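Working notes for the structure below.
The values are calculated or read from the model by the stated rules, or taken from the named source; none is laboratory data. All of these numbers come straight from a predicted model, not from anything done at the bench. Positions of Cβ are generated from backbone atoms using ideal geometry, with glycine treated the same way; all protein chains shown enter the neighbour counts. Keep in mind that these areas ignore ligands, DNA and RNA; they rest on the heavy atoms of the full protein, side chains included. Shrake-Rupley method; radii C 1.70, N 1.55, O 1.52, S 1.80 Å.
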Amino acid sequence: MPLRDVLVVLYDGVQSLDVTGPVEVFNAAGLFPGVPGGYRIRTVSVGGAPVRTSSGLRLLPDGDLEGAELDLGEDTTLLVPGGQYSGRFDPGLTDWLRAHGGRAGRLMAVCTGGLLFAEAGLLDGHRATTHWHACEQPQPGLRPTR
């Protein structure tokens, strides 16, 4: 089995654990002897700029979100980690997800990262979960259920 791609979207306020946890899991999946394939993991941000996590840690992505759509395909997992949410995400990020996110074979969000998919319209007609505290904040176009 060939390597599959994982594209991890970074943004200011992202929670470092929501980035490193899944990255470690995808990396470990390719390390088992006798298991074919694995994952090629790449991080991107708007403009390829460094981001500050919610704890102040600085992360340097591998590349720019622009151009990353070339990496999207059936064997790609598009991963959006959770982080601080103040009611709106960077419009450049949501616009990119709206335009290109549907080309990924799999969409994966950690915690409040799902709100970014929702804001981009990628969850329309689907059910999703997130942290209970984020459900208490008004979300344009979202209807909380319990």
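Data table
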{"item": "Cβ-defined net charge surrounding residue 104, 12 Å radius [Lys, Arg +1; Asp, Glu -1]", "result": "-2"}
{"item": "Amide proton proximity set for residue 62, modelled H, under 5 Å, gap of 5+", "result": "43, 44"}
{"item": "By accessible area with a 1.4 Å probe, ligands and nucleic acids excluded, highest first: order of 26, 32", "result": "32, 26"}
{"item": "Near-label residues of segment 1-35 by backbone N, under 18 Å of a point 7 Å along Cα→Cβ of residue 52", "result": "10-17"}
{"item": "Phi to ³J(HN,Hα) by Karplus 6.51 cos²θ - 1.76 cosθ + 1.60 over segment 13-28, Hz, x for Gly, Pro", "result": "x, 4, 8, 4, 4, 6, 8, 6, x, x, 4, 5, 5, 4, 5, 5"}
